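Following: one structure in structure tokens, then a few remarks.
Each value in this text was obtained by applying a stated rule to the coordinates, not by laboratory testing. A quick note: this is a predicted structure, and the numbers were derived from the prediction, not measured. Neighbour counts are summed over all protein chains in view; Cβ atoms, including those assigned to glycine, are modelled from backbone coordinates with ideal geometry.
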């Protein structure tokens with residue numbers, strides 16, 4: 001019923017079209033200011049760019065209001081995007097603001113392209129000359145917004161500023177996702193080796209070993225996720241959302257343990273064990289590579305620490321299970 005309660009664009013009067021353009025410009029200016037505030041602390045150059053884009057939207061809104069006063073008077077009808085069926089929508093800012101600086105820039109470009117395409121399509125469907133001209137002018141204004149955005153980006157985002165912001169974004173990605181995820185992967189891959197292989201050699205039963213492996217992996221993942229989320233709210237450390245870090249740590253811990261538990265779905269014990277050992281080998285080297293790639297740990301030192309530590313835990317599990 002909500003869909004049918006909306007008014008179709010072709011049924012709008014010229015005054016309503018102008019009012020819709022005014023409210024759209026106001027909304028977009030607020031979105032850009034929201035982006036600017038979100039980015040100001042870590043990405044000041046991009047924040048200035050969005051401040052400039054918001055100011056441009058304000059200028060166009062002022063021109064539209066003046067045009068409305070001249071043609072229809074001071075009373076502007078209350079009509080917004082959600083009142084018109086098929087009108088382009090804007091994503092809530094909270095769905096975009098946590099997706100990274102490049103994603104926010106792409107969203108801003110898409111906002112301007114969507115508006116331009118809509119006005120051009122609407123102008124083609126209009127049979128009234130004045131309405132067609134109005135929609136064409138709005139399309140041109142949106143195209144001008146894109147040029148302005150590019151100019152502001154060139155003004156505020158020179159090579160040094162963009163490089164600095166990319167470095168900040170990379171650091172935030174590492175702190176929020178890679179670091180807790182790597183800790184979880186190490187914990188899941190290494191700490192579950194002993195119980196899984198101890199069970200395997202004690203029972204020599206693939207299904208029992210699989211159940212123990214799944215239980216150990218899921219339990220370790222839940223524990224690691226809650227521990228990471230509760231250990232630091234990110235306000236002072238700057239490590240980002242505790243929810244995101246908890247998810248990264250918990251999921252990677254579980255996957256790290258499941259990697260060498262899944263082979264025990266194979267009924268033959270020795271085949272399953274041989275495959276599990278091979279998977280453990282690749283898991284440990286993958287951890288060493290991630291440490292080298294994202295944490296700047298020398299590869300051979302990372303490999304020595306992780307592979308040697310994992311091998312000792314694996315050996316302990318086998319010895320305990322065999323005893």
Taking a label point 7 Å from the Cα of residue 13 along Cα-to-Cβ, the residues of segment 61-85 whose backbone nitrogen sits under 12 Å from it are 72-73, 75-78
Please sort 67-76, 36-45 by packing, taking for each peptide the average over its residues of neighbouring beta carbons within 10 angstrom, highest first. 36-45, 67-76
Order 134-140, 105-111 from most to least packed using the mean count of other Cβ atoms within 10 Å. 134-140, 105-111
Could you give the length gained by full extension between residue 121 and residue 71, i.e. 0.36 nm per residue of separation minus their alpha carbon distance, to one decimal place? 15.6 nm
Computed label-point distance, nm, for sites residue 222 and residue 114 using a 7 Å Cα→Cβ extension: 4.0
Binning at 10 angstrom from zero up to the longest distance, how are the C-alpha pair distances of segment 215-323 distributed in percent? 14, 32, 37, 14, 3, 0
